[in-house]
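Worksheet for the structure shown next.
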């Protein structure tokens, strides 16, 4: 299924208080990340989520920042990471994409974090723009919905 074919994200119903969400972004491609941020905040606004935003230098630093947040024991119900890696002429893309995604999953599972991930790994900047624009499918909105669904699950299970 392509991004264009996917259903538009909808905020799930949550029980309990409005969630507290930390959004960590790597705004190297600021216009792409800004688009995803706006869409994520729109979804989070529908459940009255309280958000805190933090920026890091690039995609490689996203899992490190998530680990710092987990270690700090901050009072967040969920986390969202936003970033973009565009393939270039060297192997750098492969190393960064793999390390960042593996690191995010490891931190999230090691600490049982409710995580929504929108780290675009694309061949062209046009592909990134198509996944971060204001209308239609937006990976920032999808990450927000994923985070909220994880929070809903955690609340059902009593964690």
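Derivation of every value follows stated rules applied to the coordinates shown; laboratory data play no part. Everything quoted here is computed from the prediction, not taken from an experiment. So basically every Cβ, Gly included, is an ideal-geometry build from the backbone, and we count neighbours across all protein chains shown.
So here's what we get for this one:
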item	result
Fewest-first ranking of 85, 33, using other Cβ atoms within 10 Å as the exposure measure	33, 85
Distant alpha-carbon pairs in the stretch 19-157 (separation over 23 angstrom), percent	28 percent
Rounded tilt (10° steps) of 139-157 against the dominant C-alpha axis of the chain	30 degrees
Long-range tail of P(r) for the stretch 77-130 (Cα pairs > 13 Å, %)	62 percent
Principal-axis tilt of helix 30-45 within the chain, Cα atoms, nearest 10 degrees	20 degrees
Folded to 0 to 90 degrees: helix 62-72 orientation relative to the chain principal axis, Cα	20 degrees
For a label point 7 Å along the Cα-to-beta-carbon line of residue 155, residues of the stretch 41-70 with backbone N under 12 Å	47-50
Additional length obtainable on full extension of the chain from residue 98 to residue 129, 0.36 nm per residue less Cα span	9.0 nm
Listed peptides 109-118, 45-54 by packing density, highest first (mean Cβ within 10 Å)	109-118, 45-54
Distance (nanometres) between label positions extended 7 Å along Cα→Cβ at residue 91 and residue 46	4.3 nm
